[in-house]
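*Asks:* One structure is given below, represented as structure tokens, and several questions about it will come after.
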Amino acid sequence: MDYFLVVLFQIVGTVGNLALISVGLAVIFGMMRVINLAHGEFIMLGGFAAIFSTQAGINIWIAMLVVAPLSVALLGVVVERLIMRRLYGRMVDTMLASWGLSLLLIGLATTFFGNRVVGIAAPVGSFRVGGYSLGAYDFVLTGVAAVVFAGGYLLLRMTRAGLIARATMQNREMASSLGIEPSRVYAVTFAIGAGLSGLAGGLLAPISGVLPTMGVAYVAKAFITVITGGASVVTGTALSAALLGSINTISTFLTTPVVGDVALLLAATIFLRLLPTGITGRIFKGAP
Amino acid sequence: MNSPLTLPAICRSARAHVALAAIATIAAIVILPQAAPLYTLINVTLYLSMGVFALSLALLWGYGGILCFGQSAFFGLGAYAYAIAAINFGDTTLAAAMAMLVPAIFAAGLGYFLFYGRLNDVYLGVITLTVTLILFKLINSTGGDAWRIGTARLGGFNGIPNTPLLTLPFSRVPLTPAQMFSLAAIALFGVYTFSKGLLATRFGRAVIAVRENEMRAELLGYNARRLKLSIFVISAAIAGLAGLLFANSVFVSPTMFSLSMAAQVLIWVVVGGLGTLFGPVAACFALQMGTTALGKLGIVDPNIVLGVVLIVFVVFVPGGIQPALANLLARLSASRSPAGDGVAREVTR
């Protein structure tokens, strides 16, 4: 019974983790149909922002939840102005340019921060279930992920800004002819997406440590989660994180973490063969 | 066609390209082993293997229209297949065939899911990238004695340092660096000629037709999914060959699967020019030499340079170097002789 509970907690933790690292990518992909290949590096920079501001004496919660997302969102604004804006409508070129950005950011981080792992202590301890000890921090991650997703859903569903965003997503030309400026919507979206990646990086810093090349580890999982989810940003990502996170955790428990990752990928590949447009391309169509 | 010996005419003729490449290959094989020191020779062999790698993606992406972010998966698989087979068989000829066969089979399996699932370019790029990352992870975790295939230890992140060198068939004497260089040069020439020939066949033209307009090609009766799968498998086999050559000039290691490897080959094709074969190879040589020199100086991280090059080319020179140069050449000759006007228009398209 205890063992079952532990597995269950692990599944919840993995799902929350997966949802958190994917949401920034999902926002940008859902709005612009562009895969931001510098996503992993945005996570990395969020981690560095959280660690450096903690070291500078800022409260760790503020560093993780405020400083990290804001600083990466700021970077997102700059990147959108300098690079992405020139490439709208050229989807493949946007991906290539963002990959260039990813390499550039890795290089810059290695040069300025050094090629070593830096970390901070997790602000919460652990608790016990029967004979097992579990990290309470997983629940913080899952909780934040839940808040972000609930907030995103409400924002898209209830507010005027959300209405504009959904309109632009569905039909750019129509939205534009009704007086909405797509380039402004895109700029805001890119900044929000970058900010959410930064938030994920800040929250992950205490458990994984931060390294200039760490982005690679998250980028693949995030992509797979987002494209398995399909067109709907909030619903799709949440559903596919739940599905793939469960598959990953269960196969990790049965075998090794590496096989767990392989199982995640395999499941996603077969899944996309069956549902090429992702979960929300067929089921839950039209949900935000 | 009236004056076949003008510069633009040579630039357009596939036969002239192959002839020029043959001359360059022969000249390199004759001169370089005599003139260059051993270190340079081995380095150039490495560049040649990378050139073959660049061609594999130039063919797949430039002509097949399939953007594969994980071409390094096939590169690495080819090298590992070769090393494992060579250690187990004790003979390298069959192992060399495995280097092309294993990536081709892997590509056939992966491609079935990709193309018959009708995934479009973004999904395709992401899946291929993810497969590569997973392979990279998997190979890195194979340290220790438990991970072995036959008598070959996979060696985790150390790779397989005792990769056997190629021998001639039925011989136990490994090739000398000079012979290895010649083999690599011939392989590059061979793959170049093969690609040119392939693109001129009915199959090659159909592949290009699918790139131009998949729907129209299908309505005309071509099986777009099978064509895409075929060019994907061919490209994987070429990448495997590149991996074989790479393994023989360095040794087999997990970095062959790495993201920077996958990024590099993409950058060569972008810089050289999409839809060209010579451009990517030239860009590969130039950038390899550039990053090696920078690495020696140690001032700038090579990642910064590669990243900036990729961004600058995508934003400012989206066609790549070769088309830009061809246009320039055509414009120059057009301004010299009014008769060349038609040529200029044709190259500009």
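*Asks:* Reported to two decimal places, what Rg/Rh ratio describes chain B when computed on Cα atoms with Rh from the Kirkwood expression?
*Replies:* On the way: Rg = 20.7 Å, Rh = 21.2 Å.
So for chain B, dividing Rg by the Kirkwood Rh gives 0.98.
*Asks:* State, as an integer percentage, the relative contact order of the range B:71-178 based on alpha-carbon contacts under 8 Å between residues 6 or more apart.
*Replies:* 28
*Asks:* Only four residue types carry charge here, +1 at the Cβ of Lys and Arg and -1 at the Cβ of Asp and Glu. Report the dipole size of the range A:2-215 about the Cα centre in Debye, rounded to the nearest 20.
*Replies:* Here the size comes out at about 460 debye.
*Asks:* If you bin every alpha carbon distance in the range A:132-288 into 10 Å steps from zero, what whole percent lands in each bin?
*Replies:* The calculated distribution, bin by bin, is 9, 32, 37, 17, 4, 1.
*Asks:* Once you put a point 7 Å from the Cα of B:Arg148 and another 7 Å from the Cα of B:Met289, both along the Cβ direction, what distance in nm separates them?
*Replies:* Taking the two extended label points, one gets 4.5 nm.
*Asks:* So how do B:His17, A:His39 line up by other beta-carbon neighbours within 10 Å, fewest first?
*Replies:* Numbers: B:His17 17, A:His39 29.
So the residues, fewest neighbours to most, are B:His17, A:His39.
*Asks:* Going by C-beta contacts inside 10 Å, put A:Ser183, A:Ser22 in order with the fewest on the left. Display every interim value, and only then the final one.
*Replies:* Working: A:Ser183 11, A:Ser22 32.
So the residues, fewest neighbours to most, are A:Ser183, A:Ser22.
*Asks:* Any idea what the alpha-carbon Rg over 2.2 N^0.38 Å comes to for the range A:146-214?
*Replies:* 1.42
*Asks:* Now for a different question. When a footprinting reagent is the concern and you count Cβ atoms within 10 Å, what order do A:Ile180, A:Ile270, A:Ile51 take, fewest first?
*Replies:* On the way: A:Ile180 16, A:Ile270 11, A:Ile51 24.
With the fewest neighbours first, A:Ile180, A:Ile270, A:Ile51 line up as A:Ile270, A:Ile180, A:Ile51.
*Asks:* What does the helix-only formula give at 222 nm for chain A: each DSSP H stretch with n ≥ 4 adding -39500 (n - 2.57), the total divided by the residues, and the result rounded to the nearest 500 deg cm²/dmol?
*Replies:* Details: 12 runs with 211 residues, N = 288.
Counting only the DSSP helices, I get -24500 deg cm²/dmol.
*Asks:* Could you compute Rg(Cα) / (2.2 N^0.38 Å) for the range B:5-135, with N its residue count? Don't skip to the end; give the middle numbers.
*Replies:* Details: Rg = 18.6 Å, N = 131, 2.2 N^0.38 = 14.0 Å.
Dividing the Cα radius of gyration by 2.2 N^0.38 Å gives 1.33.
*Asks:* Nearest 20 debye, what's the magnitude of the dipole of the range B:190-349 about its Cα centre given +1 on Lys and Arg Cβ and -1 on Asp and Glu Cβ? Display every interim value, and only then the final one.
*Replies:* Details: 13 positive and 6 negative charges, 82 e Å.
About 400 debye.
*Asks:* While we're on this one: Under the rule a/c < 1.5 gives rounded, and otherwise a/b versus b/c splits prolate from oblate, where does the range A:1-88 land using the Cα gyration tensor?
*Replies:* Numbers: a/c = 3.68, a/b = 1.38, b/c = 2.66.
Since a/c reaches 1.5 but b/c is at least a/b, the shape of the range A:1-88 is classed as oblate.
*Asks:* Explain nothing, just the number: relative contact order of chain B, from Cα pairs under 8 Å at least 6 residues apart, as a whole percent. Mind showing how you got there, number by number?
*Replies:* Details: 497 pairs, mean separation 99.4, N = 349.
About 28 percent, as a whole number.
*Asks:* Could you compute the FRET efficiency for A:Ser133 and A:Leu266, with r as their C-beta to C-beta distance and R0 at 30 Å, rounded to 0.05? Before the final figure, lay out the partial values.
*Replies:* On the way: r = 31 Å, r/R0 = 1.04.
Rounded to the nearest 0.05, the efficiency is 0.45.
*Asks:* The range A:79-173: D in µm²/s via Stokes-Einstein (Kirkwood Rh, Cα pairs, 10 °C, 1.306 mPa s)? Please list the in-between numbers first.
*Replies:* Values: Rh = 18.2 Å.
After rounding, the answer is 87 µm²/s.
*Asks:* Here is a further query. B:Leu20 versus B:Lys296, label points 7 Å from Cα toward the beta carbon: distance in nm?
*Replies:* 2.8
*Asks:* Sticking with this structure for a sec: Please give the charge dipole size of the range B:185-241, origin at the Cα centre, charges +1 on K and R Cβ atoms and -1 on D and E Cβ atoms. Round to the nearest 20 debye. Don't skip to the answer; put the middle values down first.
*Replies:* Working: 8 positive and 3 negative charges, 18 e Å.
Charge dipole of the range B:185-241: 80 debye, to the nearest 20.
*Asks:* To continue, here is another question. Kirkwood hydrodynamic radius for chain A: how many Å is it when counted over pairs of different Cα atoms? Intermediate values should be presented prior to the final figure.
*Replies:* Working: mean 1/r = 0.0517 Å⁻¹.
Roughly 19.3 Å, rounded to one decimal.
*Asks:* Okay, moving on. Along the charge dipole of chain B, Cβ charges K/R +1 and D/E -1, which of B:Asn120, B:Ala293, B:Thr25 sits furthest on the positive end?
*Replies:* B:Asn120
*Asks:* Over the Cα atoms of the protein assembly as shown, how large are the radius of gyration and the largest Cα-Cα distance (Dmax), in Å?
*Replies:* 25.7, 89
*Asks:* Relative to 2.2 N^0.38 Å, what does the C-alpha radius of gyration of the range A:1-147 come to as a ratio? Two decimals please.
*Replies:* Against the empirical 2.2 N^0.38 Å value, I get 1.23 for the range A:1-147.
*Asks:* Would you work out which of A:Ile270, A:Val67, A:Ala121 lies farthest towards the positive end of the dipole of chain A, given +1 charges on the beta-carbon of Lys and Arg and -1 on that of Asp and Glu, about the Cα centre?
*Replies:* The listed residue farthest towards the positive side: A:Ile270.
*Asks:* With a 10 Å cut-off between alpha carbons and a GNM built on chain B, which of B:Gly221, B:Gly51, B:Gly240 moves the most?
*Replies:* Of the options given, B:Gly221 has the highest mean-square fluctuation.
*Asks:* On to the next question. If the elastic network links every pair of Cα atoms under 10 Å, which of A:Val15, A:Val262, A:Val188 fluctuates the most in the Gaussian network model of chain A?
*Replies:* Answer for the Gaussian network model of chain A: A:Val262.
*Asks:* Averaging sequence separations of C-alpha pairs under 8 Å and six or more residues apart, then dividing by the length of chain A, give the relative contact order as a whole percent.
*Replies:* Working: 454 pairs, mean separation 99.4, N = 288.
Here the relative contact order equals 35 percent.
*Asks:* For the pair A:Leu74 and A:Met174, what calculated FRET efficiency results from E = 1/(1 + (r/R0)^6), where r is the Cβ-Cβ distance and R0 = 51 Å, to the nearest 0.05? Kindly include the intermediate steps, with their values, before the conclusion.
*Replies:* On the way: r = 32 Å, r/R0 = 0.62.
Using R0 = 51 Å, I get an efficiency of 0.95.
*Asks:* For n ≥ 4 DSSP H runs only, could you compute -39500 (n - 2.57) per run for chain B, divide by its residues and tell me the 222 nm figure to the nearest 500? Show your work: numbers first, answer last.
*Replies:* Details: 15 runs with 252 residues, N = 349.
Rounded to the nearest 500, the figure is -24000 deg cm²/dmol.
*Asks:* Then there's this: Length gain on complete extension for the stretch B:Thr93 to B:Phe316, per 0.36 nm per residue less the alpha carbon to alpha carbon distance?
*Replies:* Details: separation 223, 0.36 × 223 = 80.28 nm, distance 4.57 nm.
Answer, rounded to one decimal: 75.7 nm.
Quick note: the coordinates plus some simple rules give every number you see, no bench work behind them. Computed from a predicted model, the values in this text were never measured in an experiment. We place every Cβ from the backbone using ideal geometry, glycine too, and count neighbours over all the protein chains shown.
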